[in-house]
Amino acid sequence: MARVLTVLAHGDADGVSSAAVVKAALASEYEAVRVYFTHPVDLAKDFEAFAEGDVYVVDVAIDEKTAEEVRRAFRSYGGRVVYIDHHPLSVDLPGVEVVHEVGSSASELAYRHLGGRLPRLYSRIALYGAIGDYLDHTEWVEEALEAWDKRIVYFEAGVLMQGLERARKDHEFKRAVVDHLAGNSPPSAMERLMKLAEEQARINEALVGWVARNASLHGAVAVVVNPPGPLGLAANLARGLTGAEVGVAAEERGDIYVMSLRSKRVDLNQLLRGFAKRYGVSGGGHPNAAGARMPKHLLKTVVEELNSLAGGS
C-alpha cells in the first residue's frame, strides 16, 4: 500500500469536487490523503512544498509565466504525478499521467477517470463541479443528470458554489468540505456551508446594483474596479448589464490588478496567454472565462487589445 496521496486542487466548486472524487475513489488505497489548495501562479511552489507520495493535481491551469517551473517541478519529482485538468494546455508534461480535455469540467474528468471505483450515486459530486464551472452541457453531464432530479442537483451545486466563495481562503474549512463530499453527503447537509452560502447570496444581490451603477464602458469592453464581491461574477455582470462583448473586473493589490474577464465571443485565454508572454505577466484560463495579474498601468493596454478583437473602438 502506498503511504500517502497528495491532492493539489483549485479552491472553487470544480476543484473541491474534483478533490472529493479523487479522495472518495482512492482513499482506501492509502494510509493518508492530504489535500492542499493552490492556483496557477503558485502551482510550482506549492507542488515542491507539499508533494508527497502519489500526487494528483486537479483543476489547476498551468500559467504561461510559470510553465517551465511547473515542468521542472513535475519532472524532478521522484513519485507518480497525475494531472487532471480542462484548461487549454500549452506545454508538454513528460513523465506525468495527463487526463485533459477542454470543454469538460475537471470534476467530470476525474469521475470518468476514477468513477469505476465508485458507486453510481457519487456522480452527483462531479455534477456539482461541472455546474459550478458552467460546463453542464457535455454529453456525460446530460446522461448523469438523468439519474437525478436536476432541480436538486442544481440547488446543491449553488450551495456549494456560494459557500466556497464566501469561505475565500479558509483552506481548513475547504478541506472539511472535501471530506464531506467524499462521503457523498450533499452540500446543504453541512450547516456552516449553508450559512456561508446565504451570506454570499446577499453579497451577490448587492453586487448587481453596484455593477449597474459603476461599470464603465470602453468600446466593447465594460470595466469595474474593486467590486464589493466575487471578481468573476462582477465581470459577468459588467458584460451582461452593459451589453458589452467583454466584462473585466479588477481588484487592486498594491501595484497590481488581479483581474477576471468574461466574454461570449472573444477567446480570452488565447489573448491573455499571448499578452502574458509579451509583457511578462500572468494570464489565461478558458476561452470565455479567464484571469490575469498585471501592473495597473497595463489595464488600459489589455482593454485596447480586447477591443481590437471584439470590434470596439
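Laid out as a table, the results:
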{"quantity": "Selection from region 8-26 of residues that are among the charged types (D, E, K, R) and either over 9 Å from the mean Cα position of the chain (by Cα) or modelled with pLDDT under 95 (or both)", "calculated": "Lys23"}
{"quantity": "Single match in Leu121, Leu93 (criterion: within 21 Å of Leu43 (Cβ to Cβ) and either surrounded by fewer than 18 Cβ atoms within 10 Å (Cβ to Cβ) or free of Cβ contacts under 8 Å to residues at least 40 places away in the same chain (or both))", "calculated": "Leu93"}
{"quantity": "Residue under evaluation Ile125, criteria (1) under 15 Å from Val16 (Cα atoms); (2) in contact with a Gly (Cβ under 7 Å, 6 or more places away or on another chain), criterion not met", "calculated": "(2)"}
{"quantity": "Region 239-265, subset in a loop (DSSP other than H, G, I, E, B), at pLDDT 95 or above and not small (Gly, Ala, Ser), residue farthest from Arg213 (Cα to Cα)", "calculated": "Asp255"}
{"quantity": "Residue that is aliphatic (A, V, I, L, M), outside the structural domain of Gly285 (by TED's automatic domain parsing) and exposed (fewer than 14 other Cβ atoms within 10 Å of the Cβ), where the choices are Ala201, Ala206", "calculated": "Ala206"}
{"quantity": "Filtered residue count, region 24-64, keeping only those that are aromatic (Phe, Trp, Tyr) and either surrounded by fewer than 22 Cβ atoms within 10 Å (Cβ to Cβ) or in a loop (DSSP other than H, G, I, E, B) (or both)", "calculated": "3"}
{"quantity": "Pair list, Cβ under 9 Å, 6 or more apart: region 272-289 residue under 17 Å from Glu245 (Cβ atoms), other residue of a type in the set (Phe, Trp, Tyr) and not in a strand (DSSP E or B)", "calculated": "His286/Tyr134; Asn288/Tyr134; Ala289/Tyr134"}
{"quantity": "Residue among Ile62, Ile131 that is hydrophobic (A, V, I, L, M, F, W, C) and at pLDDT below 95", "calculated": "Ile62"}
{"quantity": "Residue selected from region 132-172 under the condition touching a helix residue (DSSP H, G or I) at 6+ places or on another chain (Cβ under 7 Å) and within 11 Å of Gly11 (Cα to Cα), by the criterion surrounded by the most Cβ atoms within 10 Å (Cβ to Cβ)", "calculated": "Leu164"}
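The values are calculated or read from the model by the stated rules, or taken from the named source; none is laboratory data. From a predicted model like this one, the values you see are computed outputs, not experimental measurements. All Cβ positions, even for glycine, are placed from backbone atoms using ideal geometry, and neighbour counts span all protein chains on display.
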